[in-house]
Each structure stands twice: as C-alpha cells, then as structure tokens.
Amino acid sequence: MGPAPLPKRVIEVPTDPAQSCRIRTTDNKLGRYAILSHCWGSSDITMKLKDSLIAEFQNTIPYEELPRSFQDAIQITRRLGFKYLWIDALCISQDNAEEWAEEAPKMSLYYGRSSLMISATAAEDSTRGILTNRHIRYSPLLGKGRNYQLRPGQLSSSYGIDSSMLATRGWAAQERVLAPRIVHYTTHQMVWECGHGHEFEASKTKYAKHIWDLDKAAIQPLVTDALQAIDTGEVPRRSESVTQNAERADLNLSKRLDAWHSCVQEYSRRNLALSSDKLHAISGIAGIINYDGEMGEYLAGVWSKHLGAGLAWSNANWSPFDTPPIYTAPSWSWTSVNGPVEPDTLGRTTEFLLPHRDKWLAQFDLKFIRSEMILQSPRNTYGTVMEGSHIVVEGACITKSGFSHLQQTDIFTRGNLAFDNGNKEPCSCNLSLVEEIEAVLIAGTDMIAIGSREEFTCGDSHCDFYLFLLGDCWYSRRQAVIDLLLMSWVSRGAAVAKRVGYAKILLELPDEELETVSDRICAADWKRMELRLV
C-alpha cells in the first residue's frame, strides 16, 4: 500500500479536527489517499465544488455545510491516519463540463490507485451519513436473572451489501471492482473486502473464498498489473512458455474473461439514471481489463478475440430483457438491453472443446473480420457508441428448415430458447422450429423449452435463421452444448442482420456416441456466410 499518483484534486484532512479541510491541487504528486463510494440520491447535493467555489475551497471547506456522509468520510479518513480523501462532488467542478469530460475517464484510475475505499453502503443518499446507529438483532432476555441475550455471531454474507441502494447503482460497480481494499459500512456491521477475501465485524471468521458474485480474487491481480503498466509505462512481460504454449495462452485468456464476465454480471443487474451511460459507466473496467491489448478490439462490451462466447449472452433467468428507451448499443451487445446477464453463458472458451475440436473449429468457428464502432467521444475507445455501429463476421448459418432436418435425427436432449425483447407478439415461424420440436411458452416468462407445441401468429420477434456461436463445448466429456443466435434480416440482399434472441441446445450422451453425433451435426445444411451485424 505504497504511494501512488494522486488525483488532480484531493481533500487535505488535517490530523487536528479543529483545523479546516481544504482542496489541494496535487500536480501529479505521489501519496496515499482514501476514496468515497456513495449514492447521490434523488435530490441534488447542495454543497459541491463549482468553478466559483474553487478558490474558497482551497482555503477552507465549510465542514458544517457538507452532507452528513461527507462529514463522516472525513472523520473516518482522519481516524485511519490518511492525509488525503477524494470525493467526486468536492474534487471535480460540477458545473464545468470540460473538466468533467476530462476527469470522468480517470475515475477508474482514482479508485484503482486508492489505498482504501470507504463505502457508504447503508446510506440511500449523501445526507444519511455513514456512522449511523446500527440495528443488531438480539434474542429475548435469557437466564434466571434475565441478564443474558444472544445475537448472531455472523450475519448473512450478502446482508446489507447486495441488498443496499448502493448495490443497485451502476456507476458504483466500477468503484467496487477497481478499489483494492474496501470497508463497507452496512446497516448492521462493517465488512472488509479485498483480493484475499472478506472479514466481518460480527465474526472473526475470514473468507478466502468469495461469497458474492463479484470475485475480486480473480480481478484484483489484473487491476494491479494494469495500474503498474500505466504508471511505469511498461507492460509486464510474460514468460516464454506462456507465449509459446497455445493451451496455456487460452487458459490465461479464459481467466481474464472470467474476471470480465464477473464484472458484467455485477454491472448488468444495476441501474443507471441515464441509459446513455450504459457503456460509459463500465468503460474504466474495460480499459483496465485490456490494459495490454490481449483481449483484442473492444466491441461495445464484447471482445474481438473471444467473439463467439461474448455474443452468447442471455438473461440470467431466461426471461425477457427490458429495452432501453434510447439506442445504447448494437443488438448483439449485452449493453443493448437492461437486465441481469448470465455469465456462465459468456465464459466458455476453446480450451473446453472436446477431442474432435479441430473438426468443429474448421466448420463452425466464428471469425471476426472487421468492425466500425462510431464512438461518441473518439478519445474514449471504451465509451458510448452511436447508432450505425456494427461488426462484420463470418460464421456458420442454418435456416429453420435445415435445423428442422437436423432435429429429426433425434440427437438433442433439451434446450432453452428466449427472445431478447420479451416476445410480446410470439411468432409462429419461431415456435414451430421443426415439426418434431414442440414448444411451449412458459407461464410468466418468454423462455421456450423443448416440450410441447402451441400455435401463434407472426409478430415482431421474427427469426429468419440461426448463427452458430459455440459448440461441442463444456466442462464434462459427457455433455456438449450448441449455442445459437436467433437472427433476423435487416437487408438480406446486403447480408445485414440483427440479433433477436438466443438458444442453447444440450446433448447428454455416452462418450462413445459424442463423435458420431458430432459428425451428424457437421453434416447438416450449414452455410458459411459473411454478415454485417447491427
């Protein structure tokens, strides 16, 4: 926890509480600092930095006029022995659009370089405070003298954190992912979180295994390496054995993708006040994850070096996504919808392919050809994209009739199919994929399971063909999976298509039958096509 480059401005916190705090411009000096993660709330913060207040704040910050959470953060910073504290509302001029545009991309570095993040987890807004009275459950009085009580030795792992208002805030996901050490001030207790585990104030038990969906143990080494590379200008060298060993390289990429998809899961379940911030609010994490360019080109939340699995996302509950009121990303990006994204679908990489992988890759491997990402801000390659952004791929496609013929071979055991936009007007040409596959619309969701048939009229969720993403790919030799995108033509003549849904087909067969089944799937009427996906 050594000194790191300080943010552009910090709050200087004197050791003597009688002395006033003030804003300092750091001029890229090194130091140790704490940083605050908090909810702004629905009401605006009254005392915040503006251009007209910079000179005043450099002399003294009016402590008594600050929101209570800011006051408490200053007290915590002082008690822990930190000289500097960073709070967004007090260190970035809130009425200077140019400064905000300059500072916003740096916030990921500010959180990543901090020595400690103070998380106002229990506070719904900045006025509620951090050091509040806590509610601990006690049993009724016990014993002959009624002078004993019991209380939980350890609270539920997610209690007070994942259920907090801060856990629903999209921007706070980036803060939690990147900060190396966090103290959560929850309704009931303090919780320590870092790359080595968690520790609860209510119990001396330490957890080396992460018990939340966000796995800092996987993410923190990447953040540390990235910041070291950024600060020194040198990308850490990889051993010769790693660069020369393709399987080891695949495994390293898989671990990095697992870290990214853990972030995607955490972020996708959160809310943003502005739909236009969808990509912007995770851009800092993306830049850190790809600090050395090993992930390839960034495609609105998906990586070009792992495109097939990156496109194979679905709703965590196989239920409809909400559609943002404005354009946020192309149809194939998980950032084009609102809702929890399933990370298990995203994490499959080629090192899990079964022995006949070469045959599958030759016929079905999805190839990235080129992209055109129309950036809102050309300075931020990980930021918001504009309508018209697209990728060009080459992949194996099959018509519904071709898939029908394949299913007649009776090789699929079960599977799920879901339309991204809720399938509010189910399309008969989708649901009767084949005469032998009977589909039923599960009550309360729009998941289609292979089971029974129900007729519908053609609607908006129209599917023309299927694009093969991944296949023959699972952790177990006795299971194989086929991941398909449901595609609809935008312009068939120009080979322009959009995503309308996703399907996962599972094969559960004895080892000796898998290769035979593989041959039958390969023999189906697949056509390799070059497509522009919008």
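The values are calculated or read from the model by the stated rules, or taken from the named source; none is laboratory data. The structure displayed is predicted, hence computed values, not measured ones. Every residue, glycine among them, receives a Cβ derived from its backbone with ideal geometry; neighbour counts consider all protein chains shown.
Computed values, structure above
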| quantity | calculated |
| --- | --- |
| Per-region count, the stretch 317-326, residues exposed (fewer than 15 other Cβ atoms within 10 Å of the Cβ) and at pLDDT below 90 | 3 |
| Near pairs, Cβ below 7 angstrom, 6+ apart or cross-chain, from the stretch 507-526 (modelled with pLDDT of 80 or more) to any residue that is in a helix (DSSP H, G or I) and not charged (D, E, K, R) | ILE521/LEU406; CYS522/GLN363; ALA524/GLY402; ALA524/HIS405; ALA524/LEU406; ASP525/GLY402; ASP525/HIS405; TRP526/GLN363 |
| The stretch 286-302 residues that are closer than 11 Å to ALA226 by Cβ and not assigned by TED's automatic domain parsing to the domain that holds MET107, paired with ones that are crowded, with 19+ Cβ neighbours inside 10 Å and among the acidic types (Asp, Glu) (beta carbon under 9 Å, 6 or more apart) | none |
| Cβ-Cβ under 7 Å pairs, at least 6 apart or on other chains, the stretch 86-109 side free of Cβ contacts under 8 Å to residues at least 24 places away in the same chain, far side outside any helix (DSSP H, G or I) | GLU99/ILE92; GLU99/SER93; TRP100/ILE92 |
| Qualifying positions in the stretch 287-304 - surrounded by fewer than 23 Cβ atoms within 10 Å (Cβ to Cβ) and assigned to a helix (DSSP H, G or I) | GLY287, SER304 |
| Residues that are more than 33 Å from the chain's Cα centre (by Cα), in contact (Cβ under 8 Å) with a residue 24 or more places away in the chain and surrounded by 12 or more Cβ atoms within 10 Å (Cβ to Cβ), drawn from the stretch 26-69 | ILE54, PHE57, GLN58, THR60, ILE61, TYR63 |
| Hits in the stretch 92-121 (condition: in contact with a helix residue (DSSP H, G or I) (Cβ under 8 Å, 6 or more places away or on another chain) and under 27 Å from THR15 (Cα atoms)) | ILE92, SER93, MET107, LEU109, TYR111, GLY112, ARG113, MET117, ILE118, SER119, ALA120, THR121 |
| Some residue of the stretch 436-459 being under 30 Å from ARG370 (Cα atoms), buried (at least 18 other Cβ atoms within 10 Å of the Cβ) and either in the same structural domain as PHE321 (by TED's automatic domain parsing) or modelled with pLDDT of 90 or more (or both) | no |
| Selection count where residues are modelled with pLDDT of 80 or more and either surrounded by fewer than 16 Cβ atoms within 10 Å (Cβ to Cβ) or in a helix (DSSP H, G or I) (or both), scope the stretch 335-374 | 9 |
| Out of ALA309, ALA329, sole residue that is buried (at least 20 other Cβ atoms within 10 Å of the Cβ), within 16 Å of the chain's Cα centre (by Cα), of a type outside the set (D, E, K, R) and in a helix (DSSP H, G or I) | ALA309 |
